[in-house]
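This report refers to the structure that appears directly beneath it.
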Amino acid sequence: MEKMKGKAWVFGDDISTDHIAPGRLFHLRSDLPELAKHVLEDADPEFATKMSKGDFVVGGNNFGLGSSREHAPTIIKIAGVSAVLAKSFARIFYRNSINVGLPVIICNTDGIEVSDELEVDIDAGVVHNLTKKTNISFAPLPKVMQKLLEDGGLLNHIDKYGDFNLD
Amino acid sequence: MGQTLAEKILSEHSGRAVKAGEFVIASVDVCLVQDGTGPLAVRQLQKINLERVAHPGKTVLFLDHAAPSPRKELSNDHMLLRRFARKTGAVLSEVGDGICHQIIPQDYLAPGDVHVGADSHTCTGGALCAFATGMGSTDVAIAMALGRTWFRVPETFKIQLMGRFPEGVYTKDLVLHLIGMIGADGATYKALEYHGKTVDEMKMFGRLTIANMAVEAGAKVGLFPSDDVTRDYLQEMGRGDAFRPISPDADAEYEKVIKIDVSKLEPTVSFPHTVDNTRTMSQVKEMDPIHIDQVVIGTCTNGRLEDLQVAASILKGKKRDKDTRLLIAPASRGILMAALKDGTLQTLLDANALILPPGCGPCVGVHQGALGDGETCLTTQNRNFVGRMGNPKGFIYLGSPATAAATALTGRITDPREVL
Ligand code: SF4
């Protein structure tokens, strides 16, 4: 995968799918570009207007906890975020992100501050913090997930092979 | 080496003996989507021309979150799901039938099934010893169409329960206590497996409450053994033939053992804005009184007949506090009818409660009972995240139906043991 470059937007621990895509906007779930204008609204009401394409969302522990709504990682992707970095992810959010082709990276995000310029090299497993001049390494994805991400998500994978082809 | 319940069920469904850490392709028995996740699932299948379902009689589309629909966009989503049901033969659960996690265990699940749902509380089915877990729309769409999905076989935490519940303390208090103890990510990617004499004696409604909240500790699934309680429940639901006993092997390997003596527990409340932010009633009593604007009794966690009966026993012959609204949403039409028949509904109405249609009600902030700025709510649901009940400026507390009823009487968070 190509290296990704952008600014860091830092959120804390326990960012839930209700922060990302709240239930009061349920009626926008069938209009994802519209819903994406509200991405992460309940964590930072201005995030969608402040961020630029290619930027990173940086979380703490248990990012994406809560509901199974795939709309959450989908609108993060539609908004133009290139990857989410966090110390840990909730299970369903993590799996959904891979399925929709949004890279999710488990790494130590402690030293990353708002507006730091980051460059992420998925193949090498390293986050370069260009502002702080530090490198943070991370473990590669499990093989199954790597394959799904390479195929552009689960839907494309099934479309390509007609079935699971994960071995 | 023996197997945990998760390993057993996933072995049966992948055709080989598997253990924790392995990746498997497993067959799937029962699938659900709901009106918030189903439309995306359907559109994904349409995109790749795969609009079919592998097991039509065991694929259920629920109109429960926006029931009835408060606006045209959601009415259109409902229409999309109705059309998909007609086209594929999948079952449609209409507006007013009830919440997915009530209907699936009572009408569809069998012990040992693999059940996936596009709803995080699909883990409720673990109460029936089904490997039941929540996923996103695309995952469930593919599982519905192919009858298969992939899993990483989870490691298991053994939750060893002992003792008898004291008066006024329920399984909801136990599961809040557990999550407070291990944290909202304390069991991420793991299976929870419940053991002990307390479990043997625990009725199905209590098991459903506990299994429902497995995901609130990050777990993939929360499993109970399939035993006499399971058999009795299935018989009562008219599905006695779905029963088979399943238990873990005595020499199964567990990553961790957590012991809880339930006789030492107190009524427990989760404070805003995370489920693991728990306080016991003794701690609450040391604080300034916490006024509550709205009490909600219902949801897939605690909207069953037994839950409404507990609330009614506390509210009987009394009125709710005049400054505290009391909203009650039975989890299904069947429960509403049973509560009508046995007088529970009358008691609740006499206490000035408002009865909502069966469904998710105010739980996820789609409609009905949204909070005002700065308002507080004590609810029997499973989540209290920022914005959950329709307003990021609301404050949500979680508790048992007994705590909810006691709180409705006094208008402040109240220990049910004071009013029992
Ligand atoms: S009652 Fe609440 S938690 Fe349960 S399925 Fe409905 S919205 Fe989700």
Sole exception among (1) within 25 Å of B:D119 (Cβ to Cβ); (2) more than 16 Å from the ligand (Cβ to nearest atom); (3) out of contact with any Gly (no Cβ under 6 Å at 6 or more places or on another chain) for B:D276, by number:
(3)
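Taking the condition of being more than 11 Å from chain B (Cβ to nearest Cβ) and closer than 30 Å to B:G183 by Cβ, how many residues in segment A:7-34 meet it? Steps first, please.
Taking segment A:7-34 first, the residues more than 11 Å from chain B (Cβ to nearest Cβ) are A:7-12, A:33.
In the following step, the residues that additionally are closer than 30 Å to B:G183 by Cβ were identified as A:8-12.
So the answer is 5.
Have a look at B:A331, B:A311, B:A252 and point out the one that is within 16 Å of the ligand (Cβ to nearest atom), in contact (Cβ under 8 Å) with a residue 40 or more places away in the chain and either assigned by TED's automatic domain parsing to the domain that holds B:A370 or within 24 Å of B:V215 (Cα to Cα) (or both).
On the way: B:A311 fails: within 16 Å of the ligand (Cβ to nearest atom); B:A252 fails: within 16 Å of the ligand (Cβ to nearest atom).
Every option except B:A331 fails the conditions.
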Answer yes or no: is there a residue in segment B:137-150 that is among the acidic types (D, E) and more than 30 Å from B:K197 (Cα to Cα).
yes
Hey, can you tell me all the residues within segment B:216-270 that are surrounded by 21 or more Cβ atoms within 10 Å (Cβ to Cβ) and either basic (K, R) or within 14 Å of chain A (Cβ to nearest Cβ) (or both)?
B:E216, B:A217, B:G218, B:A219, B:K220, B:V221, B:G222, B:S270
Exactly one of B:R164, B:R152, B:R83 is of a type in the set (K, R) and either over 30 Å from A:I98 (Cα atoms) or in the same structural domain as B:T280 (by TED's automatic domain parsing) (or both), and that residue is B:R164
Evaluation of B:I9 against (1) within 11 Å of chain A (Cβ to nearest Cβ); (2) part of a helix (DSSP H, G or I) (one fails), failing number
(1)
Examine segment A:30-47 for a residue that is under 22 Å from B:V366 (Cα atoms), among the basic types (K, R) and surrounded by fewer than 24 Cβ atoms within 10 Å (Cβ to Cβ), and state whether such a residue exists.
yes
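Residues that are within 12 Å of another protein chain (Cβ to nearest Cβ) and touching a Ser or Thr at 6+ places or on another chain (Cβ under 6 Å), at least 2 per element: which strands (runs of 3 or more DSSP E) completely within segment B:16-101 meet that?
Numbers: elements: B:23-27, B:30-34, B:59-62, B:91-93.
So the answer is B:23-27.
Yes or no, residue by residue, for (1) over 25 Å from B:K72 (Cα atoms); (2) assigned by TED's automatic domain parsing to the domain that holds B:M281; (3) within 16 Å of the ligand (Cβ to nearest atom):
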site	(1), (2), (3)
B:D342	yes, yes, no
B:D350	yes, yes, no
B:L356	no, yes, yes
B:G372	no, yes, no
B:T376	yes, yes, no
B:R383	yes, yes, yes
B:G387	no, yes, yes
B:S400	yes, yes, yes
B:A408	yes, yes, no
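So which of B:A130, B:A145, B:A141 is of a type in the set (G, A, S) and within 19 Å of the chain's Cα centre (by Cα)?
The unique qualifying residue is B:A130.
Count, please, the residues in segment B:370-394 that happen to be assigned to a loop (DSSP other than H, G, I, E, B) and either more than 13 Å from chain A (Cβ to nearest Cβ) or surrounded by fewer than 20 Cβ atoms within 10 Å (Cβ to Cβ) (or both).
We begin by selecting, within segment B:370-394, every residue assigned to a loop (DSSP other than H, G, I, E, B); these are B:370-375, B:380-394.
In the following step, the residues that additionally are either more than 13 Å from chain A (Cβ to nearest Cβ) or surrounded by fewer than 20 Cβ atoms within 10 Å (Cβ to Cβ) (or both) were identified as B:370, B:372-375, B:380, B:393.
So the count comes out to 7.
Among the residues of segment A:51-69 satisfying the criterion of being facing chain B (nearest Cβ under 7 Å) and among the polar types (S, T, N, Q), which is nearest to the ligand (Cβ to nearest atom)? Walk me through how you get there before you give the answer.
Pass one, segment A:51-69, residues facing chain B (nearest Cβ under 7 Å): A:61-62, A:65-69.
Then keep just the ones that are among the polar types (S, T, N, Q); that gives A:61-62, A:67-68.
Working: A:N61: 22, A:N62: 18, A:S67: 7, A:S68: 9 Å.
Looking at the filtered set, the residue picked out is A:S67.
Among the residues of segment A:1-30 satisfying the criterion of being among the basic types (K, R) and modelled with pLDDT of 95 or more, which is nearest to the ligand (Cβ to nearest atom)?
Taking segment A:1-30 as the starting set, the residues that turn out to be among the basic types (K, R) are A:3, A:5, A:7, A:24, A:29.
Remaining after also requiring modelled with pLDDT of 95 or more: A:5, A:7.
Working: A:K5: 38, A:K7: 35 Å.
Checked segment A:1-30; the qualifying residue nearest to the ligand (Cβ to nearest atom) is A:K7.
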Does segment A:64-83 hold any residues that are within 12 Å of the chain's Cα centre (by Cα), over 22 Å from A:G125 (Cα atoms) and among the hydroxyl-bearing types (S, T, Y), and which are they?
A:T74
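Out of the residues in segment B:262-306 that are β-branched (V, I, T) and part of a helix (DSSP H, G or I), which is farthest from B:A353 (Cα to Cα)?
If we filter segment B:262-306 for residues that are β-branched (V, I, T), which is where we start, we get B:262, B:268-269, B:274-275, B:278, B:280, B:284, B:290, B:292, B:295-297, B:299, B:301.
Restricting the remaining residues to those that are part of a helix (DSSP H, G or I) gives B:262, B:284, B:299, B:301.
Details: B:V262: 31, B:V284: 25, B:T299: 16, B:T301: 19 Å.
Only one residue tops the list, namely B:V262.
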For B:A110, are the conditions met, namely being of a type in the set (G, A, S), surrounded by fewer than 24 Cβ atoms within 10 Å (Cβ to Cβ), away from the ligand (no atom under 13 Å from the Cβ) and within 30 Å of B:I9 (Cα to Cα)?
yes
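Looking for whichever is over 22 Å from A:R29 (Cβ atoms), away from the ligand (no atom under 15 Å from the Cβ) and assigned by TED's automatic domain parsing to the domain that holds B:M237 here; the options are B:H55, B:H78. Which one fits?
Just one listed residue meets the conditions, B:H55.
Going by the structure shown, is A:P103 modelled with pLDDT under 95, more than 14 Å from every other protein chain (Cβ to nearest Cβ) and within 12 Å of the chain's Cα centre (by Cα)?
Numbers: modelled with pLDDT under 95: yes; more than 14 Å from every other protein chain (Cβ to nearest Cβ): yes; within 12 Å of the chain's Cα centre (by Cα): yes.
Answer is yes for this residue.
Could you check segment B:133-191 and list, in sequence order, the residues that are assigned to a loop (DSSP other than H, G, I, E, B), within 14 Å of chain A (Cβ to nearest Cβ) and in contact (Cβ under 8 Å) with a residue 60 or more places away in the chain?
Here is the first cut: in segment B:133-191, the residues assigned to a loop (DSSP other than H, G, I, E, B) are B:135-136, B:147, B:153-155, B:163-170, B:183-190.
So of that shortlist, the ones also within 14 Å of chain A (Cβ to nearest Cβ) come out as B:135-136, B:147, B:153-155, B:183-190.
Of everything in segment B:133-191, those that are assigned to a loop (DSSP other than H, G, I, E, B), within 14 Å of chain A (Cβ to nearest Cβ) and in contact (Cβ under 8 Å) with a residue 60 or more places away in the chain turn out to be B:G136, B:G147, B:V153, B:P154, B:E155, B:G183, B:A184, B:G186, B:K190.
On the given criteria, is B:A67 more than 22 Å from A:I92 (Cα to Cα) and surrounded by fewer than 20 Cβ atoms within 10 Å (Cβ to Cβ)?
no
Would you point out the residue of segment B:281-304, among those that are touching a residue at least 24 places away in the same chain (Cβ under 8 Å) and more than 16 Å from the ligand (Cβ to nearest atom), that is surrounded by the most Cβ atoms within 10 Å (Cβ to Cβ)?
B:I292
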When you check A:N61 against the structure, is it within 26 Å of B:V386 (Cβ to Cβ) and more than 13 Å from the chain's Cα centre (by Cα), yes or no?
yes
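The values are calculated or read from the model by the stated rules, or taken from the named source; none is laboratory data. Being a predicted model, the structure only gives us computed values, none of them experimental. Virtual Cβ from ideal backbone geometry, glycine too; neighbours counted across all protein chains shown.
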